[in-house]
Amino acid sequence: MIQANDPALRSWVEVPADSDFPIQNLPYGIFKTDYLEAGAGIAIGNFILDLTYLHENGFLDGLGLPAGVFNQLYLNDFIGLGKDVTSQVRQRTSELLRDDHDELRDNKPARELALIPMDEAEMLMPVNVPNYTDFYSSIEHATNVGTMFRDPDNALLPNWRHIPVGYHGRASSIIPSGVDIKRPQGQTKSPEAEAPTFGPSKRLDFELEMAFITGKQNGLGNAITTSEAEDYIFGFVLFNDWSARDIQVWEYVPLGPFLAKNFASSISPWVVTLEALEPFRVQGPEQNPPVLPYLQYQGKKNFDIQLQVFVQPGGGEENLVCTSNFKYMYWNMNQQLAHHTVNGCNVQVGDMYASGTISGPTPGSYGSMLELAWKGTKPLQLSDGSQRKFIEDGDTVIMRGFAEKDHTRIGFGEVRTKILPSGS
Ligand code: CA
């Protein structure tokens, strides 16, 4: 059988050279148009392959798909069918799109109905998110934050190298790319002030993260081991964990982030599958001291995914402010999921598990404004002559990500969010 991520594969659908969505990628999303209600699709070049159409017209027969599984607001029911089924859909759609396969290629009426130009579609949330967890798994990020707010000589707290630290976030405010958000308001208190005041956050920040989505449940009381974890991981999105630093610093002791984080988190709308990312596995960093047995793992569990953040002032051009990579993560997803469930916590289909801010080793690779402008002491210079310590009203923050090898680019598209003034 020809593997769907074989770099030699080509599609009869035109795929521009710099496209995030060649035939080797085939990410899933939920889209709608003026003439089609919401449903599932696969990105190919500048088109969306309409899975509802393919299913209803017999192109996906024999794969164990229930009627109506794609004609839905979310992918949950589809990914909940399990990898036996979703892998076959990936394999079958790859076949239908291959340049040497004539079934759809030479069926002009079907081809024209099955392919929707992306510029005619609006991308929606890909999954209904029952639960959202945010980890804190970049050693560079945790070290930077510890250096700024605590002690440069003891930047990491004593538990950090032993536990993939995380907290439970807010699922209801996870939104797709393209949805504007209003600057959050809240309580803040500067160290010099005697009492807190209320108003718009003055330190609005992004956090460059990736999130994995689970496609299988374990059931309450059943731990997932590091070797079982990938059976539960369906795919990945880019994740911007919006953060109001001034609200955070006043509220977070003793129980952690609350209103500083729960107003919005933005994601890219295409879910790139674990299968599509197989060629990009790399060894993770050495973990020292050694971790407890339930966190030990075998094999390559990090992924070489290049990440970029751009800040675009209102009416201005994009400024690249950060270049990082998912491969820098100290704790990998297998360890995160094993730790999350070791006490018997149950994961559900559609859950999102974000990595934590992905900072690299150099200043240009830091994944938040807090670190890039080093707590406001090193403002970033933008091309329009303005400076940024944090994100301002009218700014658009854009995150992009892609893995690239053998002239094959497995991309995530982008997550793009504009900041509107408070109360607008
Ligand atoms: Ca975060």
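If we only count strands (runs of 3 or more DSSP E) wholly inside segment 198-277, which ones have 2 or more residues that are under 26 Å from residue 85 (Cβ atoms)?
So the answer is 208-214, 233-240.
For segment 387-424, how many residues meet the condition of being touching a helix residue (DSSP H, G or I) at 6+ places or on another chain (Cβ under 8 Å), hydrophobic (A, V, I, L, M, F, W, C) and within 16 Å of residue 318 (Cα to Cα)?
Summing the residues that are touching a helix residue (DSSP H, G or I) at 6+ places or on another chain (Cβ under 8 Å), hydrophobic (A, V, I, L, M, F, W, C) and within 16 Å of residue 318 (Cα to Cα) in segment 387-424 gives 2.
Has segment 290-309 got at least one residue that is in a loop (DSSP other than H, G, I, E, B), within 17 Å of residue 168 (Cα to Cα) and open to solvent by 60 Å² or more (accessible area, probe 1.4 Å)?
Among the residues of segment 290-309, not one is in a loop (DSSP other than H, G, I, E, B), within 17 Å of residue 168 (Cα to Cα) and open to solvent by 60 Å² or more (accessible area, probe 1.4 Å), which makes the answer no.
Taking segment 168-197 on its own, how many of its residues are in a strand (DSSP E or B) and in contact (Cβ under 8 Å) with a residue 40 or more places away in the chain?
So the count comes out to 9.
Does segment 123-147 hold any residues that are within 10 Å of the ligand (Cβ to nearest atom) and either outside the structural domain of residue 302 (by TED's automatic domain parsing) or part of a strand (DSSP E or B) (or both), and which are they?
Listed by number, the residues that qualify are 134, 135.
Identify, from the list 183, 170, the residue that is basic (Lys, Arg) and within 16 Å of the ligand (Cβ to nearest atom).
The match here is 170.
Tally time: how many residues in segment 166-190 are under 14 Å from residue 136 (Cβ atoms) and either crowded, with 18+ Cβ neighbours inside 10 Å or acidic (Asp, Glu) (or both)?
The total comes to 2.
Given the conditions (1) within 16 Å of the ligand (Cβ to nearest atom); (2) within 19 Å of the chain's Cα centre (by Cα), report the number of the one that residue 337 does not fulfil.
(1)
Is it the case, given these coordinates, that residue 99 is over 25 Å from the mean Cα position of the chain (by Cα) and open to solvent by 60 Å² or more (accessible area, probe 1.4 Å)?
Yes; evaluated as a whole, the condition is true for this residue.
Would you check which residues across segment 337-368 are under 28 Å from residue 390 (Cβ atoms), outside any loop (DSSP other than H, G, I, E, B) and not hydroxyl-bearing (Ser, Thr, Tyr) and list them?
352, 354, 363, 364
Can you spot a residue in segment 319-334 that is in contact with a helix residue (DSSP H, G or I) (Cβ under 6 Å, 6 or more places away or on another chain), over 21 Å from residue 20 (Cβ atoms) and part of a helix (DSSP H, G or I)?
yes
Report yes if residue 263 is modelled with pLDDT of 95 or more, under 26 Å from residue 180 (Cβ atoms), out of contact with any Asp or Glu (no Cβ under 8 Å at 6 or more places or on another chain) and within 16 Å of the ligand (Cβ to nearest atom), otherwise no.
So residue 263 fits the description; yes.
This table checks each residue for (1) closer than 23 Å to residue 337 by Cα; (2) out of contact with any helix residue (DSSP H, G or I) (no Cβ under 7 Å at 6 or more places or on another chain); (3) at pLDDT 95 or above.
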{"residue": "274", "(1), (2), (3)": "yes, no, yes"}
{"residue": "277", "(1), (2), (3)": "yes, yes, yes"}
{"residue": "283", "(1), (2), (3)": "yes, yes, yes"}
{"residue": "288", "(1), (2), (3)": "yes, yes, yes"}
{"residue": "294", "(1), (2), (3)": "yes, no, yes"}
{"residue": "305", "(1), (2), (3)": "yes, no, yes"}
{"residue": "308", "(1), (2), (3)": "no, yes, yes"}
{"residue": "317", "(1), (2), (3)": "no, yes, yes"}
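Go through segment 355-398 and count every residue that is surrounded by fewer than 16 Cβ atoms within 10 Å (Cβ to Cβ) and aromatic (Phe, Trp, Tyr).
0
I'd like to verify a number: residues in segment 235-261 that are open to solvent by 10 Å² or more (accessible area, probe 1.4 Å) and either touching a strand residue (DSSP E or B) at 6+ places or on another chain (Cβ under 6 Å) or not aliphatic (A, V, I, L, M) (or both), how many?
12
Yes or no, residue by residue, for (1) in contact (Cβ under 8 Å) with a residue 24 or more places away in the chain; (2) more than 16 Å from residue 135 (Cα to Cα); (3) within 16 Å of the ligand (Cβ to nearest atom):
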position	(1), (2), (3)
220	yes, yes, no
225	yes, yes, no
243	yes, no, yes
251	yes, yes, yes
259	yes, yes, yes
269	yes, yes, no
282	yes, yes, no
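Restricting the first residue to segment 102-125 and requiring it to be under 20 Å from residue 37 (Cα atoms), which pairs with a second residue that is of a type in the set (Asp, Glu) meet a Cβ separation below 6 Å and a spacing of at least six or different chains?
So the pair list comes out as 114/50; 116/50.
Just for segment 9-32: of the residues that are assigned to a strand (DSSP E or B) and open to solvent by 20 Å² or more (accessible area, probe 1.4 Å), which one is nearest to residue 124 (Cα to Cα)?
Top of the filtered list is 32.
Find the residue count for segment 353-412, including only residues that are of a type in the set (Asp, Glu) and under 30 Å from residue 234 (Cα atoms).
2
The values are calculated or read from the model by the stated rules, or taken from the named source; none is laboratory data. These figures come from a predicted structure and were not determined experimentally. Glycine also receives a Cβ, built like all others from the backbone with ideal geometry; neighbour counts cover every protein chain displayed. Keep in mind that these areas ignore ligands, DNA and RNA; they rest on the heavy atoms of the full protein, side chains included. Shrake-Rupley method; radii C 1.70, N 1.55, O 1.52, S 1.80 Å.
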